[in-house]
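Below: the structure, in structure tokens.
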Amino acid sequence: MAEKVLVTGGGGYIGSHCVVELIEAGYQPIVVDNFSNAVRGEGNVPESIRRIEKLLKTSIEFHELDLLDRPGLEKLFKKHSFSAVIHFAGLKAVGESVEKPLLYYKVNLTAFMNLLEVMQAHRVRNLVFSSSATVYGDPQRLPIDEQHPVGGCTNPYGKTKYFIEEMVKDHCKAEKDWNAVLLRYFNPIGAHCSGQIGEDPQGIPNNLLPYVAQVAVGRRECLSVYGNDYDTIDGTGVRDYIHVVDLAKGHIAALKKLKEDCGCKVYNLGTGKGYSVLEMVKAMEKASGKEIPYKIAPRRGGDVASCYADPRVAEKELGWKAQFDLERMCEDLWRWQSMNPTGFSNASSLAQ
């Protein structure tokens, strides 16, 4: 009997790629999503999940559920016996969090507290949490390892990730039979090699690569580069970009770690290499064969100059290492965007 894993926010970008890896690793994912970052498809199921079902020739149980709905969450836990929870659900835009901090604190923190309490009540004691490199704030040293100080976050989004990490650590100290793996993501990009699922931001993209891809496909006119006066190779921000499939595989490794009664563990998921905004633009120009026009705009609040990982602890303890290089990330991203120029709304792109 396949282990049931609850995947919150499983209709979104990272969540949907993780669902693929879970199925291929022999787990049974039960997916919940409230469609804040997912596109509604046929039968009120996320289009991403519908496509995965066709791609893998399987069926996936899905529930439309907001984690702020405590009774709905209780009902789900009464129905299923979960071996673990992978928690992706939450608001995730740095810029928006600076403009709407109370919304981010309410949604991200209250929803997580509901989830943790319901897990505790139903004796589900294994958690993988989708955290972020934003918990490190403005880096004091590079590359960033897991011993780097946390909490000096430069935006409310990062603070919600930090607060949740602290909640989990405290809970695992109090409840010795709990196990949790906190995965600090760097910058996920790319898409599944089939071109059937990928990142489809609702509205104007908040992250660099989806915006670049939409410019390349002709959906947007020009890229705004926020700041060219940072202390970096070309003045633009430097980030560690990781293929979303590599990231998803990291969650499978984390589930295996939970089996060791590991307590609370923290791992960076990144490549260890940093690329500037302009380097990424050039890489996407190469992958797409398109010129990508850009203009320099003022810096955004909450951004830092450089941020890239030291991922060696994940390699040592999880047996996980990023496999895909920058060229492959951009090729897969372009395949997704060119096959789906308007995102998931272009359902006719699905191979028959």
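The values are calculated or read from the model by the stated rules, or taken from the named source; none is laboratory data. Since we're looking at a predicted model, the values are computed, not measured. Here the Cβ is made from the backbone with ideal geometry for all residues, glycine too, and neighbour counts use every protein chain on show. Ligands, DNA and RNA are stripped out before the accessible areas are found, and what is left, the full protein with its side chains, is counted by its heavy atoms. Shrake-Rupley method; radii C 1.70, N 1.55, O 1.52, S 1.80 Å.
Assorted remarks:
- Summed over the residues of the chain and divided among them, the accessible surface reaches 43 Å² per residue at a probe radius of 1.4 Å.
- Computed from the Cα positions only, the extents of segment 238-352 along the three principal axes stand at 49, 44, 25 Å, in decreasing order.
- Mean separation of Cα pairs under 8 Å and 6 or more residues apart, divided by the residue count, gives segment 1-102 a relative contact order of 35 percent.
- Each other residue within a Cβ distance under 14 Å of residue 325 adds +1 if Lys or Arg and -1 if Asp or Glu, for a net charge of -2.
- Between the amide H of residue 65 and those of 33, 34, distances stay under 5 Å, these residues lying 5 or more places away or on another chain, with hydrogens modeled in the peptide plane.
- Using every pair of separate Cα atoms, the Kirkwood estimate puts the hydrodynamic radius of segment 77-221 at 17.1 angstrom.
- Net charge over other residues, Cβ less than 12 angstrom from the Cβ of residue 134 (K, R count +1; D, E count -1): +2
- Of the two radii for segment 103-145, the radius of gyration is 1.14 times the Kirkwood radius, both from the alpha carbons; that is the Rg over Rh value.
- Percent RCO, i.e. relative contact order, over the chain, from Cα pairs under 8 Å lying at least 6 residues apart: 19
- Couplings 3J(HN,Hα) of segment 295-303, computed from phi: 9, 8, 10, x, 4, 8, x, x, 7 Hz, in residue order, whole Hz [Karplus 6.51 cos²θ - 1.76 cosθ + 1.60, θ = phi - 60°; x for Gly and Pro].
- By the beta carbon rule, with partners counted only under 4.7 Å, the chain holds these lone Cys residues: 18, 153, 193, 222, 262, 307, 330.
- Note that segment 1-142 shows a convex hull volume over its alpha carbon atoms of 137 Å³ per residue.
- All aspartates and glutamates inside 12 Å of residue 57 as judged from Cα atoms, apart from same-chain residues fewer than 8 positions distant: 24
- Spin-label model, residue 224/residue 256: points 7 Å from Cα along the beta carbon direction are separated by 4.4 nm.
- Principal axes of segment 203-259: Cα extent on each, largest first, Å: 48, 32, 16
- Amide H contacts of residue 263 (H built 1.01 Å from N, in plane; Pro and chain starts excluded): 180 sit under 5 Å, all sequence-distant by 5 or more or on other chains.
- Relative to one another, the C-alpha centroids of segment 11-40 and segment 105-146 are positioned 18 Å apart.
- Applying 1/(1 + (r/R0)^6) with r as the Cβ-Cβ distance of residue 206 and residue 317 and R0 = 35 angstrom yields a FRET efficiency of 0.65.
- Estimated dipole of the chain in Debye, rounded to 20 [Cβ of Lys and Arg +1, of Asp and Glu -1, Cα centre]: 460
- Nearest-0.05 FRET efficiency for residue 231 and residue 117, computed from C-beta distance (R0 41 Å): 0.40
- Average silhouette area of segment 170-240, convex hull of alpha-carbon atoms, in square nanometres: 8.8
- Compactness of the chain is given as radius of gyration and Dmax, 19.2, 56 Å, from Cα positions.
- Net charge of Cβ neighbours under 11 Å - reference residue 305; Lys, Arg +1; Asp, Glu -1: -2
- Among the listed pairs 173/265; 4/259; 169/257; 78/161; 100/161; 54/92, a Cα-Cα separation exceeding 19 Å is found for 78/161; 54/92.
- Residue-span extension gain [residue 59 to residue 106] - 0.36 nm each, minus C-alpha spacing: 13.6 nm
- Straight-line cross-link partners of residue 282 among the lysines, defined as a Cα under 21 Å from its Cα and at least 8 positions apart when in the same chain: 273, 290, 295.
- Volume per residue of the convex hull around the Cα atoms, evaluated for segment 1-47, comes out as 69 Å³.
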